[in-house]
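Peer 1: One structure is given below, represented as structure tokens, and several questions about it will come after.
Each reported figure results from applying straightforward, stated rules to the coordinates on display, with no laboratory input. Nothing here was measured: the structure is a model prediction, and the numbers come from that model. All Cβ positions, glycine included, derive from the backbone under ideal geometry; neighbour counts span all protein chains shown.
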Amino acid sequence: MSEIGYSKKVLDHFMNPRNVGALENPDGYGKVGNPVCGDLMEMFIKVKEEKIDEITFRTFGCTAAIATSSMTTEMAKGKTLDEAVKITRKDVADTLGGLPPQKMHCSNLAADALHLAIEDYRQRAEK
């Protein structure tokens with residue numbers, strides 16, 4: 001895999017993903033997919049006092065898809081919703097030490113799933 005140009009941090013998050021699984025009764029849920037490469041990501045959040053208290057993911061995809069999902073959960077946990085919604089695909093890739101150019105767009109969808117989960121939480125909270 002290193003011949004593709006994955007950093008050690010990407011490989012670590014791929015081999016030892018953090019916060020894997022579905023949360024029962026999440027406060028927010030986001031799901032994104034890329035039909036071109038087949039990657040599919042789900043993000044689940046529990047919110048306490050406007051902060052992400054718990055966050056998990058389920059991802060069907062390649063090394064980069066799993067690593068970016070894992071890193072996104074680590075970056076968002078404990079942050080306020082306003083802070084977490086500012087996490088970008090670039091932030092995730094940079095924190096992982098970069099991604100190969102061919103993986104940047106199709107596999108780096110985790111920030112999008114996080115944003116959808118926060119949006120879902122906010123819509124539920126308005127009701």
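Peer 1: Just to be sure I understand, if you calculate Rg and Dmax of the Cα atoms in Å for this structure, which of [x] 13.8, 50; [y] 16.8, 57; [z] 13.8, 41 do you get?
Peer 2: Answer by label: [x].
Peer 1: So, one more: Compute the distance in nm between two label points, each set 7 Å from the Cα along the Cα-to-Cβ direction, one at Phe60 and one at Val20.
Peer 2: For Phe60 paired with Val20, the spin-label model returns 1.6 nm.
Peer 1: Between Thr80 and Lys8, what length comes free when the chain is fully extended (0.36 nm per residue of separation minus the Cα-Cα distance, one decimal in nm)?
Peer 2: Values: separation 72, 0.36 × 72 = 25.92 nm, distance 2.87 nm.
Here the segment from Thr80 to Lys8 would lengthen by 23.1 nm.
Peer 1: Only Lys, Arg, Asp and Glu count, each charged at its Cβ (+1, +1, -1, -1), so figure out the dipole size of region 2-126 about its Cα centre, rounded to 20 debye.
Peer 2: Numbers: 16 positive and 19 negative charges, 56 e Å.
It works out to roughly 280 debye.
Peer 1: How far is helix 63-76 tilted off the main Cα axis of the chain, in degrees rounded to 10, range 0 to 90?
Peer 2: Helix 63-76 sits roughly 40 degrees off the main axis of the chain.
Peer 1: Right, something else. Using only alpha carbon pairs under 8 Å that are at least six residues apart, calculate the relative contact order of region 2-126 and give it in whole percent.
Peer 2: 33 percent
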